[in-house]
Amino acid sequence: MATYTSANAIKKISTGDESGTWGDSTNNNFDIIDRAANGFVSIALSSTSYTLSLSTTAVLSDGHYKAVNFTGTPGGTCTVTLEQNNKARMYMIVNSTNQSLSITQGSGANVTIAATKSAIVLADGAGSGAAVTDFTAVLSALTELDVTAGTVSASKAVVVDSNKDITGFRNVTMTGELDAATLDISGNADIDGTTNLDIVDIDGAVNIAAATTIATNNKIQFRDTAIYIQSSADGQLDIVADTEVQIAATTIDINGAVALNGAITGATNIALSGAITGATNITLSGELDAATLDISGNADIDGTLETDALSLNGTAVTSTAAELNVMDGGTSASNITIVDADQFVVNDNGTMKQVAATKVAAYTAPSTDLGAIGTYAMLGRTSNGSIVAGETYTNAASGADNNGADLVFSGFASTNTFNDDTAADIRGAAPSGVWRAMGNVNSTSRRASTLFVRVS
């Protein structure tokens, strides 16, 4: 009975077998050997999986070829499975596709060959757990070279020492990335392109010879997220702190307007060539020097206001401090004689005015007209009742002591005209206004009469 070699399944013809057909098996075996030695095949891939077949019964298979060129468009990373996971194999693989190839034989390690790249792979044939090794990478790590480990030698490979250290590099040129857990540069770092850093930790001084640009609205942050410098909008620079922004300088020169939403406290002197707008409070321990001070709202001054001149709504105030103190209720009196040219200050229905002394004299002069305020008249009551000296009387409801008193102008009569029940002629016209009784008539049975003065 025929048997087969373990690696390539070449048929081993037993003695006396295949009489007359021995040459067919032998020729097939030579073809297998030829493929395994220097055979090359090109395989077009059209999906993301492919099995590189390998017969176990001396049947010619693609898996017998030593070199395989994969072509086509798999549409994604293609997994190439090496058939017969119990057979150790070595392949030279060229990836001519536009996708990566994952070479696998079992559940062990796989080898990934990037698009347009090549590799020599070794499959260990360890069964279900078989692993594939990139033999090309192993070859590049060989140390049997004339170098000293850890030291760079001219025209030699670079080999790390036992600590994985290398010294002696002059220039390193890379087309890809430099991945390092840490990068410690003891000398100068000259970077001609863009430096993209997630975090920068600088222990020493920073010397920037040209302009530094912070993109868009990014922040320069200090200590924590509440303290930073930022351009939140085009044309605007924000300095933000959760407690205090302190500027220590002999002079702070601000050429434009200053818009404040909070208070200015503790300032000795503030000198501005522009405006301060939006300030809540400004507290100064020194002086406020200004060519003009225009306050559109209220001014609340707790201390003394000293001014050389005062203008109210465009009208200059010419009063002296002594004159204003008199208006405030000063108690000092002047011993003067009032003449007609003197003037009094009078509240004319809410407006303060100066009135000549002659006007005051005319207003206070007693009237000689009957019934005018301040005139006297003999009045009597047309009904029985007393008259109390000092009380007020009126014919109308005006708030006098005695309203509806039925007063009329009266006069004394002769004794032979009237009886004893009355001593006055009470038949005159009724006066208007409020009158105050000058005499007292205690009578309830006779009509009383006495002297009155008009009070309102």
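Quick notes on this one:
- Counting other Cβ atoms within 10 Å as a rough exposure proxy, the listed residues TYR91, TYR228 run TYR228, TYR91 from fewest neighbours to most.
- Fully extending the segment from ALA37 to THR375, taken as 0.36 nm per residue of separation minus the present Cα-Cα distance, adds 106.3 nm.
- Think of the chain as having a plus end and a minus end, set by charges on the Cβ of Lys, Arg, Asp and Glu; of ALA211, MET438, SER49, SER49 sits farthest toward the positive end of this dipole.
- With a threshold of 25 Å on the Cα-Cα distance, the over-threshold entries among LYS11/LYS117; LYS66/LYS156; LYS87/LYS164; LYS12/LYS87 are LYS11/LYS117; LYS66/LYS156; LYS87/LYS164.
- Label-point gap, in nm, between GLU83 and ASP328 - each point 7 angstrom along Cα→Cβ: 11.6 nm
- Net +/- balance of residues flanking ASP124 in space, Cβ distance below 12 Å, scoring K and R +1, D and E -1: +2
- Calculated on the Cα set of the chain, radius of gyration then Dmax: 61.4, 199 Å.
- In the chain, the longest principal axis of the Cα atoms and the axis of helix 22-38 are about 40 degrees apart.
- Charge dipole magnitude, Cβ of K and R +1, D and E -1 - the chain, Cα centre, debye nearest 20: 1360 debye
- The simple Förster model, with R0 at 30 Å and r as the Cβ-Cβ distance, assigns VAL346 and THR280 a FRET efficiency of 0.10.
- With contacts taken as Cα pairs under 8 Å and at least 6 residues apart, the chain reaches a relative contact order of 6 percent.
- ILE282 long-range amide H proximity, modeled H, under 5 Å: ILE264
- Here the peptides 34-43, 76-85, 196-205 are ranked by packing, the mean other Cβ count within 10 Å, and the order with the highest first is 76-85, 34-43, 196-205.
- Report note on the peptides 184-195, 352-363: ranked by the mean count of other C-beta atoms within 10 Å, highest first, their order is 352-363, 184-195.
- Candidates THR175, ASN255, CYS78 compared by Cα position along the dipole of the chain: farthest toward the positive end lies CYS78, with charges placed on Cβ.
Laboratory data are not the source of any read-out in this text; all were calculated from the coordinates shown. Since the model is a prediction, treat every value here as computed from it, not as a measurement. Cβ: placed from backbone, ideal geometry, glycine included. Neighbour counts: every protein chain shown.
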